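Trainee: Structure in structure tokens, see below.
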Amino acid sequence: IASNGNYQSYGTGIPARGRRVLGVGAYHLQFHSYVGGQAYGSTTDGRIKPDLVAPSYTECANNLGNESLDYFTGTSGAAPYAGGAAMLLRNWMIVDGTTVDPGQVYSLMMLAGVNNGAFPPDSRQGVGLIHLPAAGKCQYSKTWVSDGTATVDIPIDVPDNPNPQWIRAAL
């Protein structure tokens, strides 16, 4: 998890544009809006950054005194929230003793965004603001895909149930 960067003209920063790295954009909590002017765009291999957006512009402790507070802003202020969300999701995934890897947590983080569907190449929000699920059941798996892979079947058990159900997936 890495801050995407606050200056659009510089492009997405390193390490946020790296493979297997969640690039985090900022959402201004006081104004309830996505932060303009932050870094976004395509990487050289065609991925879109930021991957998701987390809260920023929140009050926190600073180093001016024992009771001194200040606002932590921009994508640097958002990255700790994304890290905390990832930790909560990981802990939820392993509660029954299941072993998970970082890629599975990455995928679930992508599912936790408020935007559905593929995002456009000029996206400034990725999957949008993180919104962790309040409850529910999650099934996850992993498989290997390569240039030579034509199809992959991943079985999903969908029980007969009169309650509404939906399926979301991330690759």
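The values are calculated or read from the model by the stated rules, or taken from the named source; none is laboratory data. None of these values were measured; they are calculated from a predicted model. Here the Cβ is made from the backbone with ideal geometry for all residues, glycine too, and neighbour counts use every protein chain on show. The area values use the complete protein model at the heavy-atom level, side chains included, leaving out ligands, DNA and RNA. Shrake-Rupley method; radii C 1.70, N 1.55, O 1.52, S 1.80 Å.
Trainee: Would you point out the residue of the stretch 103-146, among those that are part of a loop (DSSP other than H, G, I, E, B) and β-branched (Val, Ile, Thr), that is farthest from Leu88 (Cα to Cα)? Can you show your working first?
Mentor: Let us first name the residues in the stretch 103-146 that are part of a loop (DSSP other than H, G, I, E, B), namely 112, 114-128, 131-146.
Imposing the further condition that a residue be β-branched (Val, Ile, Thr) reduces the set to 114, 127, 143, 145.
Values: Val114: 17, Val127: 18, Thr143: 24, Val145: 28 Å.
So the residue we want is Val145.
Trainee: If you check every pair at least six apart or on different chains, which have Cβ atoms under 9 Å apart with a residue in the stretch 118-137 that is of a type in the set (Lys, Arg) first and a residue that is open to solvent by less than 70 Å² (accessible area, probe 1.4 Å) second?
Mentor: Arg124/Gly25; Arg124/Val35; Arg124/Gly36; Arg124/Gln38; Arg124/Tyr40; Arg124/Gly41; Arg124/Pro50; Arg124/Val53
Trainee: In the stretch 32-62, how many are more than 22 Å from Gly84 (Cα to Cα) and more than 16 Å from the chain's Cα centre (by Cα)?
Mentor: Number of matching residues: 7.
Trainee: Which one of Gly18, Gly113, Gly103, Gly41 is closer than 29 Å to Thr143 by Cα, touching a Lys or Arg at 6+ places or on another chain (Cβ under 7 Å) and open to solvent by less than 30 Å² (accessible area, probe 1.4 Å)? Quick ask: steps written out before the conclusion?
Mentor: Details: Gly18 fails: touching a Lys or Arg at 6+ places or on another chain (Cβ under 7 Å); Gly113 fails: touching a Lys or Arg at 6+ places or on another chain (Cβ under 7 Å); Gly103 fails: open to solvent by less than 30 Å² (accessible area, probe 1.4 Å).
Exactly one of Gly18, Gly113, Gly103, Gly41 is closer than 29 Å to Thr143 by Cα, touching a Lys or Arg at 6+ places or on another chain (Cβ under 7 Å) and open to solvent by less than 30 Å² (accessible area, probe 1.4 Å), namely Gly41.
Trainee: Please find, among Ser9, Ser68, the residue that is among the polar types (S, T, N, Q), free of Cβ contacts under 8 Å to residues at least 24 places away in the same chain and open to solvent by less than 80 Å² (accessible area, probe 1.4 Å).
Mentor: Working: Ser9 fails: open to solvent by less than 80 Å² (accessible area, probe 1.4 Å).
Exactly one residue qualifies, and that residue is Ser68.
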